[in-house]
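Read the figures in this text as sums done on the coordinates, not as results from a lab. Because the structure is a prediction, the values reported are computed rather than measured. Ideal geometry is used to build each Cβ from the backbone, glycine not excepted, and the neighbour counts take in all protein chains shown.
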C-alpha cells in the first residue's frame with residue numbers, strides 16, 4: 001500500500017517536473033519569435049525564464065553573453081554546480097550560456113537530472129537558431145537599406161550637380177573619369193602638378209598639409225558632394241596640400257581646362273564656385289583662429305563640434321575618423337588628445353564605445369569651446 005502511494009507520488013512529482021520543463025520551452029519559444037526586439041531585452045527575458053525548468057528554481061541563476069551583450073540573473077555567481085555551453089553563429093562562437101546553482105543541493109540523482117541536461121541542450125539549440133536567423137534578417141535588411149541608400153545617393157548627386165546650374169552636357173563632361181580610392185589611398189599629393197579638379201561623390205576625404213618633419217596638419221575633412229582643388233585652379237598649378245581617403249571613396253577627375261571652360265561659359269556655375277571657395281576659406285580662417293588662440297581643450301572641442309555638425313551631421317563621430325586624424329586636426333599629439341577625450345568622458349560630456357565617440361552634452365562642449 002505504501003509502495004503504491006510512494007509510486008504515485010513519484011509519478012506526480014516527475015510529471016510536475018516535465019510540466020515545468022515544457023512551460024520553460026514554450027515561454028522561450030514565444031520570446032524567440034521576436035526578431036525586431038533589442039538583443040539585450042531578449043536575453044534578459046530568457047534569463048528570467050530558464051530557471052522555471054529546473055528543480056531548484058530559487059537558487060538557479062543564469063548568465064548569457066552574445067557578442068558584446070551580456071545578461072545575468074540577479075545575484076548570479078559562478079559555481080562548481082553548473083551547466084555551460086558555447087553559442088554559435090555560422091560555426092563561429094559568439095557567446096556562452098551558463099546555468100549555476102549558487103547554493104549546495106542534494107545530489108542523490110546527480111546535481112542535474114538527465115531531463116534537465118536535455119532541456120539545457122534544447123535551449124542552447126533554440127538560442128543558436130535564433131541568433132543565426134537574426135543575423136540573416138539583419139543582413140537582408142542591410143542589403144535592402146544599402147540598395148535604397150545607393151539609389152538615393154545617385155539621385156542626390158544628380159540633384160547636387162543640377163543645383164550648381166550645370167547643364168546635362170556639362171554634367172557629362174565632369175563625370176567622365178570616375179576613380180575609386182581604397183581607405184588610406186592618396187588622392188592628391190602636396191607639391192605635385194595639379195592636373196585635375198576633383199568632384200567628391202562618395203566616402204570621406206581628409207585634406208592636410210605636410211611639413212618637413214613628416215607631421216601632418218589636417219585642415220579639412222570633406223564629405224560627399226564637394227569639389228576639391230579649387231585653390232589650384234588659377235594658382236601656380238601645384239597642389240599645396242595632400243588628400244587621403246578615410247574610407248572607400250569615389251572621385252570624378254575633371255581636367256582643369258575643361259573645368260575652366262565651364263566656369264567661363266556658365267556665369268551661374270561660376271557664382272556657385274565662388275560661394276564654395278569663400279566658404280572653404282572661412283573654414284580655414286576659423287581653423288587658424290582656433291589653433292592660434294585656444295588651448296588644447298578648446299581646440300579638441302572645436303574639432304568635435306566640426307565633425308559633429310559639418311561632417312557627420314550627428315552627435316555620433318564614427319571610427320572612419322581616427323584618434324590620429326582628430327589629433328592632427330586639433331594640432332595636438334595623439335597622446336594629448338586621448339587624455340583630453342578621457343577627461344571629457346569622465347565629465348559625461350562625451351561617451352566612447354568601441355572607439356565611436358558620442359557627444360552627450362553639446363551645450364557644455366560649445367561652452368568649453370568658447371572659453372578656449
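Each label was represented as a point 7 Å from its Cα along the Cα-to-Cβ direction; for residue 65 and residue 271 these points are 6.3 nm apart. With a simple spin-label model that places each label point 7 Å from the Cα along the Cα-to-Cβ direction, the separation between residue 333 and residue 238 comes to 3.1 nm.
Of 236, 260, the sequence from fewest to most neighbouring Cβ atoms within 10 angstrom is 236, 260.
Determine the relative contact order of the chain: mean sequence separation of Cα pairs under 8 Å and six or more apart, normalised by residue count, in whole percent.
Here the relative contact order equals 11 percent.
Kirkwood radius, the stretch 326-372, all distinct C-alpha pairs, inverse of mean reciprocal distance: 11.2 Å. Relative to its residue count, the chain spans a Cα convex hull of 181 Å³ per residue.
Label the stretch 208-251 by shape, choosing from rounded, prolate and oblate, from the square roots a ≥ b ≥ c of the eigenvalues of the Cα gyration tensor; if a/c is under 1.5 it is rounded, and otherwise prolate applies when a/b is larger than b/c, oblate when it is not. Because a/c hits 1.5 or more and a/b fails to exceed b/c, the stretch 208-251 counts as oblate. Take the Cβ atoms of residue 255 and residue 285, set R0 to 35 Å, and the FRET efficiency comes out at 0.70. Across all directions, the average flat footprint of the convex hull enclosing the Cα atoms of the stretch 90-140 is 4.6 nm². The simple Förster model, with R0 at 35 Å and r as the Cβ-Cβ distance, assigns residue 155 and residue 348 a FRET efficiency of 0.30.
Tell me, how many Å apart are the Cα centres for the stretch 183-212 and for the stretch 320-372? Distance between centres, Cα-based: 26 Å. To the nearest ten degrees, helix 334-346 and the longest principal axis of the Cα atoms of the chain are 50 degrees apart.
Shape descriptor for the stretch 2-137: Rg over Rh equals 1.02 (Cα atoms; Rh from the Kirkwood inverse mean 1/r). Under the shape rule built on the C-alpha gyration tensor, where the axes satisfy a ≥ b ≥ c, the stretch 294-372 is rounded, since a/c falls short of 1.5.
Estimated purely from DSSP H runs of n ≥ 4, each contributing -39500 (n - 2.57), the mean residue ellipticity at 222 nm for the chain is -16000 deg cm²/dmol once divided by its residues.
Stretching residue 297 away from residue 122 to a fully extended chain increases their span by 57.5 nm, per 0.36 nm per residue minus the current alpha-carbon distance. Here the simple spin-label model places points 7 Å from the Cα toward Cβ, and for residue 107 and residue 139 these points are separated by 4.2 nm. Which of the three applies to the stretch 171-265, rounded, prolate or oblate, going by the alpha-carbon gyration tensor with a ≥ b ≥ c and a/c under 1.5 meaning rounded? Oblate is the answer for the stretch 171-265, as a/c is 1.5 or above yet b/c matches or exceeds a/b.
Label point of residue 177 set 7 angstrom out along Cα-Cβ; within the stretch 226-249, amide nitrogens under 16 Å from it belong to 228-230, 232-233, 237-239.
Taking a point 7 Å from the Cα of residue 185 along the Cα-to-Cβ direction, the residues of the stretch 233-250 with backbone N closer than 15 Å to it are 243-250.
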